[in-house]
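Visitor: Sending over a structure as structure tokens; questions will come in a sec.
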Amino acid sequence: MQGRRWFAAAGLFVSLCTAKGQTFNIYAAASLKESIKEISKDFEKRYPNFHVAVTLGGSQQLAAQIRQGAPADVLLSAGMEQLKGLPYDPASLRIFAYNTLAIVVPAQSTEVQSLQDLAKTHLLIVADKAVPVGSYTLQMLSKAERKLGQSWRARVESRIISREHDVRSVLAKVALGEADAGIVYTTDVSTAGQRVRMISIPDDQNIEAAYPAVRFTTSPNADLAKDFMRFLFEKQAQKALVNHGFSSPIIPGGSIQLSDHGKSSLLTARRIRSLPIKNFTANEHGIVRSFRGYDLGFLLTGTEKRFRKTMVEISAGDGYKQFLELQDIVKGGGYLVDSAHDNFQLILPSKPPKFWVHWVREIVIR
């Protein structure tokens, strides 16, 4: 859709090839193993003349391989930091999934019952700080330190016996009984079956991990890479991610946060659908299309009169942001059009598609 900014030896390699043809290479964070296998198979059905090959590993390992010339068409990373220095199209970058952290312990262990109990462990395993989950772990410890104290954090860090190169290595060592506890993504826990038990981390001390996807300017399959980035946000792929425990940037939809010079309110789907409806046309990449949308300008008219020269920041569920003058929405026309999963897309007939925003989540008037 519009304004889209879409993404080997050291990695765990999974070949999903089923027939002769050109290979499409997906590099994906280890925590995506089960979901990307399902998504890739579905994508391969859509393009049966292509082999889809998935390379799994720590995001920092995959990035290193790509810098050294590995033939990646897209990268699905567990963190933003690992994208630095890679030859990707910056306009392609999107957030396609979210995750959180959890503590994992051997199934029969009773020593750890809460985040606070990490200070009691003798053998704690985490990921290295160069790995996204390792960086998120440090951020989580910093948040928890504010509540549990510096001495608690010092005791926790003194228990760390190993810093692994990917999250599945942390999980595997805990499952084998080589550690009393580990810190992994919430989505990883179920993959170890009955061998481990999960301890939840309180929301106010947890971290929301954003997973970015990018496609590469060096890809020999540029058009297919664009199609895959779109496919990643379709119902089938997003449901696969949700079914494996990830949070989706587009499921569920249904409401938009509105902030008017610091005063916040929630635009529910019901309120949006109570706005005046208008049929209109807009030029979408050279094709004039007909739309039916809810008049956002009607809602913001009062603001426009109070603040004649002001900017509006529109944020999408997948991380895309667009900045507009308020009069572009009020006078030029801005409409919220129904989209999948009870989401809304902002379309501005007076602006080219790059200014449109799919999966609107927040509108900030500054």
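The values are calculated or read from the model by the stated rules, or taken from the named source; none is laboratory data. This is a predicted model, so every value here is computed, not measured. Note that each Cβ is placed from the backbone with ideal geometry, even for glycine, and that neighbours are counted across all protein chains shown.
Visitor: Would you check if there is a residue in the range 203-210 being under 15 Å from the mean Cα position of the chain (by Cα) and of a type outside the set (Gly, Ala, Ser)?
Guide: Checked against the condition, which is being under 15 Å from the mean Cα position of the chain (by Cα) and of a type outside the set (Gly, Ala, Ser), the range 203-210 yields at least one hit.
Visitor: Considering only the range 91-106, I want to know if a residue exists there that is surrounded by fewer than 20 Cβ atoms within 10 Å (Cβ to Cβ), over 21 Å from ASP166 (Cβ atoms) and either touching a strand residue (DSSP E or B) at 6+ places or on another chain (Cβ under 9 Å) or not assigned by TED's automatic domain parsing to the domain that holds LEU32 (or both).
Guide: Taking every residue of the range 91-106 in turn, none turns out to be surrounded by fewer than 20 Cβ atoms within 10 Å (Cβ to Cβ), over 21 Å from ASP166 (Cβ atoms) and either touching a strand residue (DSSP E or B) at 6+ places or on another chain (Cβ under 9 Å) or not assigned by TED's automatic domain parsing to the domain that holds LEU32 (or both).
Visitor: Scan the range 135-177 for residues that are touching a helix residue (DSSP H, G or I) at 6+ places or on another chain (Cβ under 7 Å), assigned to a helix (DSSP H, G or I) and closer than 22 Å to ALA29 by Cβ and jot them down.
Guide: If the condition is that a residue be touching a helix residue (DSSP H, G or I) at 6+ places or on another chain (Cβ under 7 Å), assigned to a helix (DSSP H, G or I) and closer than 22 Å to ALA29 by Cβ, then SER135, MET140, LEU141, VAL167, ARG168, LEU171, ALA175 are the ones that fit.
Visitor: May I pose another question? Just checking, does the range 274-291 include any residue being under 27 Å from the mean Cα position of the chain (by Cα) and of a type in the set (Phe, Trp, Tyr)?
Guide: No, the range 274-291 contains no residue that is under 27 Å from the mean Cα position of the chain (by Cα) and of a type in the set (Phe, Trp, Tyr).
Visitor: State yes or no: is SER219 of a type in the set (Gly, Ala, Ser), in contact with a strand residue (DSSP E or B) (Cβ under 7 Å, 6 or more places away or on another chain) and at pLDDT below 95?
Guide: Spelling it out, it is not the case that SER219 is of a type in the set (Gly, Ala, Ser), in contact with a strand residue (DSSP E or B) (Cβ under 7 Å, 6 or more places away or on another chain) and at pLDDT below 95.
Visitor: Now, a different point. Could you tell me which numbered condition ALA130 fails, if it satisfies all but one of (1) more than 19 Å from LYS120 (Cα to Cα); (2) out of contact with any strand residue (DSSP E or B) (no Cβ under 7 Å at 6 or more places or on another chain); (3) among the hydrophobic types (A, V, I, L, M, F, W, C); (4) in a helix (DSSP H, G or I)?
Guide: Result: ALA130 fails condition (4) only.
Residue-wise test of (1) more than 22 Å from GLN238 (Cβ to Cβ); (2) in contact with a Gly (Cβ under 8 Å, 6 or more places away or on another chain); (3) surrounded by 16 or more Cβ atoms within 10 Å (Cβ to Cβ).
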residue: GLY286; (1), (2), (3): yes, no, no
residue: LEU299; (1), (2), (3): yes, no, yes
residue: ASP318; (1), (2), (3): no, no, yes
residue: ILE329; (1), (2), (3): yes, yes, yes
residue: LEU336; (1), (2), (3): no, yes, yes
residue: GLN345; (1), (2), (3): no, no, yes
residue: GLU362; (1), (2), (3): no, no, yes
residue: ARG366; (1), (2), (3): yes, no, no
